[in-house]
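The values are calculated or read from the model by the stated rules, or taken from the named source; none is laboratory data. Just so it is clear, the model here is predicted, and its values are computed rather than measured. Every residue, glycine among them, receives a Cβ derived from its backbone with ideal geometry; neighbour counts consider all protein chains shown.
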Amino acid sequence: MTTQNDLRKVAGQLIMIRFPGTVLDAATAEFLKANSIRAVCLFRGNMTDSEQLAKLTADLRAVMGPESLIAIDQEGGAVVRSTWVPAPPAAMGLGAADDTDLAHRTGAAVARAVKALGFNWNFAPVLDLNNNPDNPVIAERSFGAEPKRAAELAMAWMAGSHAEGVACCVKHFPGHGDTNVDSHRDLPTVNKPIEELDLLELAPFRIASASAPAMMTAHIVYPTLDPDNPATMSRRILTGLLRDEWKYKGIVITDGMDMHAIAGRYGVGNAAVRALTAGADMVMALGTTETQEETLNSIAAALAAGELSQEEIQIRLDRLAALAKAYPCKPRSYKEDAADREVMAEGWRRGLTAHGAPQRPAKGANVRLVVRQDVVSDGVSEAGVPAEQVAASLRRLYDVELVTFADADTFDWSALPQDGRFTVLASTSRLRYGEHARATWRPDLHLALWNPYQALDIQAPALMTYGFAKPALDAINGWLSGELEAAGNAPVPGFK
């Protein structure tokens, strides 16, 4: 006879959880063991340094067993969780460099670092086409707007990762690029004819479906595919399109079910069951212990009621076991740190993109640097580069006066002294600028250190780095000193 506890152990194998803290405490270890949970995703709050993180992942493997799946979002650019390892350029920076060999070497370098830390699953690369300049959450995380080239670069990145033994997970199927709503905050809709979706959003995922070991769903409604359900809970999309039409054989995992697009509308337990019955193999039950308990209980109840057949469940468990066996969670030594830093630095240099014919200030010039005060994380990305860090980087070349602002909508550009200083604006958040800044801000040079679309907001020549890691600042200095040309080409419309 199958007990409730047995059913919860089956349910536990179908979910991925997160937990707070930098150590595996006894309560979390017991929760993992009691429910046969084999998959966790770690975030910045779980990490302090390599030694701590290697111990944490080792402790997780000891509890979850040889088929454990330990995941991370180490995409590149602003979306990296382990911030001390070699810093990968953002996907759009690689799109600007437009070199599949560089993308392959970058994916391999990312994998070497995260495998050494104890991970075997990386939720990257992003296959969303950023064809909406107002997208608040994708932007530079996308390889570009042209489906075939974006897919080629992403597949090269993925092949590099797989060569080093770390499974990839392409995201966010069927495409999060053409939204102006962040699904962490609300439920977006992409209302396009099927013909247009086929040519754009769906194309990279169709290309990837032959080789991607895993695919993450988007919490987005596509009315022409399914008017009633977001993709995460749509049988028409996850089974009808992905499995039946495209013959996809890999893992389908949901995006975080704690996101407001899902949790706030459907409830986490109900949504988890609906995702599994739609065709998902694994539910990303992030949230809290309480919401994870609710998810486990709801899935167990659905199993007891026969909403998911034993045969369907076994197929899902077999797929997950196959992924863990193909990409075992066995850390490697990491002796390539210096060489991999050079690979990453090459990517940042080659992606550096000029917009509007920027001019260099003279060597040793007096520079006024204007930067926002705060560098708060938006919940998806890590916090941006502090103003003083940008100033310190530029001080290697210039006499720099730093001016910070709290609110772009009220900062008075005209109040800056007219004293002949060369004025540089450095944009260090993902937020687009509003009407006030667009109408009144006039720097001599704009350093768009995160979201490249900010270069379209300010009437000034710009350099775009697609991210704010130290090698991005080094690339800026290389250009300012005349040692480097900004040879990248923005892989999205609107830039010259």
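Would you mind telling me which numbered condition in (1) assigned to a helix (DSSP H, G or I); (2) surrounded by 16 or more Cβ atoms within 10 Å (Cβ to Cβ) residue 331 fails?
Every condition holds for residue 331 apart from (1).
Consider residue 48 carefully, then state whether it is assigned to a loop (DSSP other than H, G, I, E, B) and hydroxyl-bearing (Ser, Thr, Tyr).
yes
Taking the stated definitions as given, is residue 297 under 28 Å from the mean Cα position of the chain (by Cα), surrounded by fewer than 18 Cβ atoms within 10 Å (Cβ to Cβ) and within 29 Å of residue 229 (Cβ to Cβ)? Lay out the reasoning, then the answer.
Working: under 28 Å from the mean Cα position of the chain (by Cα): no; surrounded by fewer than 18 Cβ atoms within 10 Å (Cβ to Cβ): yes; within 29 Å of residue 229 (Cβ to Cβ): yes.
Taking the combined requirement at face value, the residue does not satisfy it.
Being farther than 30 Å from residue 451 by Cβ, assigned to a helix (DSSP H, G or I) and of a type in the set (Lys, Arg) is the requirement here; does residue 319 meet it?
yes
In region 413-432, what residues are surrounded by 10 or more Cβ atoms within 10 Å (Cβ to Cβ), more than 28 Å from the chain's Cα centre (by Cα) and not aliphatic (A, V, I, L, M)?
413, 417, 421, 422, 423
Does any residue of region 104-122 turn out to be modelled with pLDDT of 90 or more, assigned by TED's automatic domain parsing to the domain that holds residue 216, assigned to a helix (DSSP H, G or I) and among the polar types (S, T, N, Q)?
There is at least one residue in region 104-122 that is modelled with pLDDT of 90 or more, assigned by TED's automatic domain parsing to the domain that holds residue 216, assigned to a helix (DSSP H, G or I) and among the polar types (S, T, N, Q).
Just to be sure I understand, how many residues within region 30-67 are among the β-branched types (Val, Ile, Thr), surrounded by 15 or more Cβ atoms within 10 Å (Cβ to Cβ) and under 30 Å from residue 378 (Cβ atoms)?
Taking region 30-67 and keeping what is among the β-branched types (Val, Ile, Thr), we get 37, 40, 48, 57, 63.
With the extra rule that they be surrounded by 15 or more Cβ atoms within 10 Å (Cβ to Cβ), the set shrinks to 37, 40, 57, 63.
Still in the list and also under 30 Å from residue 378 (Cβ atoms): 37, 40, 57.
Qualifying residue count, region 30-67: 3.
Has region 365-379 got at least one residue that is of a type in the set (Asp, Glu), under 26 Å from the mean Cα position of the chain (by Cα) and on the phi < 0 side of the Ramachandran plot?
Let us first name the residues in region 365-379 that are of a type in the set (Asp, Glu), namely 374, 378.
Remaining after also requiring under 26 Å from the mean Cα position of the chain (by Cα): 374, 378.
In the following step, the residues that additionally are on the phi < 0 side of the Ramachandran plot were identified as 374, 378.
Yes, region 365-379 contains a residue that is of a type in the set (Asp, Glu), under 26 Å from the mean Cα position of the chain (by Cα) and on the phi < 0 side of the Ramachandran plot.
Among the residues of region 91-101, is any closer than 30 Å to residue 3 by Cβ, in the same structural domain as residue 14 (by TED's automatic domain parsing) and touching a helix residue (DSSP H, G or I) at 6+ places or on another chain (Cβ under 9 Å)?
Among the residues of region 91-101, not one is closer than 30 Å to residue 3 by Cβ, in the same structural domain as residue 14 (by TED's automatic domain parsing) and touching a helix residue (DSSP H, G or I) at 6+ places or on another chain (Cβ under 9 Å), which makes the answer no.
Which pairs turn up if I take residues in region 1-29 that are free of Cβ contacts under 8 Å to residues at least 60 places away in the same chain and closer than 21 Å to residue 51 by Cβ and look for partners that are among the β-branched types (Val, Ile, Thr) and not in a helix (DSSP H, G or I) with beta carbon separation below 7 Å, at least 6 apart in sequence or on another chain?
The qualifying pairs are 22/48.
Could you check residue 27 against (1) part of a helix (DSSP H, G or I); (2) surrounded by fewer than 23 Cβ atoms within 10 Å (Cβ to Cβ); (3) touching a Ser or Thr at 6+ places or on another chain (Cβ under 7 Å) and say which number it fails?
Among (1) part of a helix (DSSP H, G or I); (2) surrounded by fewer than 23 Cβ atoms within 10 Å (Cβ to Cβ); (3) touching a Ser or Thr at 6+ places or on another chain (Cβ under 7 Å), the lone unmet condition for residue 27 is (3).
Could you count how many residues in region 1-33 are of a type in the set (A, V, I, L, M) and farther than 13 Å from residue 59 by Cβ?
Total meeting the criteria: 9.
Within region 439-496, can you find the residues that are of a type in the set (Phe, Trp, Tyr) and either more than 19 Å from the chain's Cα centre (by Cα) or not assigned by TED's automatic domain parsing to the domain that holds residue 399 (or both)? Even if it seems obvious, please write down each step before you answer.
Step one: list which residues in region 439-496 are of a type in the set (Phe, Trp, Tyr), which gives 441, 450, 453, 466, 468, 479, 495.
Matches in region 439-496: 441, 479, 495.
Working carefully through the options 76, 45, find the one that is in contact with a Leu (Cβ under 8 Å, 6 or more places away or on another chain), touching a residue at least 24 places away in the same chain (Cβ under 8 Å), small (Gly, Ala, Ser) and within 30 Å of residue 139 (Cβ to Cβ).
The match here is 76.
Touching a residue at least 12 places away in the same chain (Cβ under 8 Å) and out of contact with any strand residue (DSSP E or B) (no Cβ under 9 Å at 6 or more places or on another chain), is that true of residue 225?
It is true that residue 225 is touching a residue at least 12 places away in the same chain (Cβ under 8 Å) and out of contact with any strand residue (DSSP E or B) (no Cβ under 9 Å at 6 or more places or on another chain).
Tell me whether region 168-177 contains one or more residues that are modelled with pLDDT under 80 and either assigned by TED's automatic domain parsing to the domain that holds residue 99 or farther than 29 Å from residue 263 by Cα (or both). Spell out how you get there, then give the answer.
If we filter region 168-177 for residues that are modelled with pLDDT under 80, which is where we start, we get 176-177.
Next, only the ones that are either assigned by TED's automatic domain parsing to the domain that holds residue 99 or farther than 29 Å from residue 263 by Cα (or both) stay: 176-177.
Taking every residue of region 168-177 in turn, at least one turns out to be modelled with pLDDT under 80 and either assigned by TED's automatic domain parsing to the domain that holds residue 99 or farther than 29 Å from residue 263 by Cα (or both).
Might you check whether a residue that is assigned by TED's automatic domain parsing to the domain that holds residue 170, part of a helix (DSSP H, G or I), at pLDDT 95 or above and of a type in the set (S, T, N, Q) occurs anywhere in region 68-89?
Within region 68-89, not a single residue is assigned by TED's automatic domain parsing to the domain that holds residue 170, part of a helix (DSSP H, G or I), at pLDDT 95 or above and of a type in the set (S, T, N, Q).
Just one of (1) surrounded by fewer than 22 Cβ atoms within 10 Å (Cβ to Cβ); (2) of a type in the set (A, V, I, L, M, F, W, C); (3) touching a residue at least 40 places away in the same chain (Cβ under 8 Å) trips up residue 322, so point out which.
(3)
Can you find a residue that is in the same structural domain as residue 296 (by TED's automatic domain parsing), assigned to a loop (DSSP other than H, G, I, E, B) and farther than 21 Å from residue 319 by Cα anywhere in region 259-268?
Checking region 259-268: at least one residue is in the same structural domain as residue 296 (by TED's automatic domain parsing), assigned to a loop (DSSP other than H, G, I, E, B) and farther than 21 Å from residue 319 by Cα.
Specify which of the listed residues (432, 421) is touching a strand residue (DSSP E or B) at 6+ places or on another chain (Cβ under 7 Å) and among the basic types (Lys, Arg).
Exactly one residue qualifies, and that residue is 421.
Would you point out which residue out of 59, 49, 101 is closer than 19 Å to residue 159 by Cα and modelled with pLDDT of 95 or more?
Sole residue among the options that is closer than 19 Å to residue 159 by Cα and modelled with pLDDT of 95 or more: 101.
Out of the residues in region 435-464 that are in a loop (DSSP other than H, G, I, E, B) and out of contact with any Lys or Arg (no Cβ under 8 Å at 6 or more places or on another chain), state the one that is nearest to residue 358 (Cα to Cα).
461
Which ones in region 243-263 are over 19 Å from the mean Cα position of the chain (by Cα), at pLDDT 95 or above and either crowded, with 24+ Cβ neighbours inside 10 Å or under 16 Å from residue 17 (Cα atoms) (or both)?
Matches in region 243-263: none.
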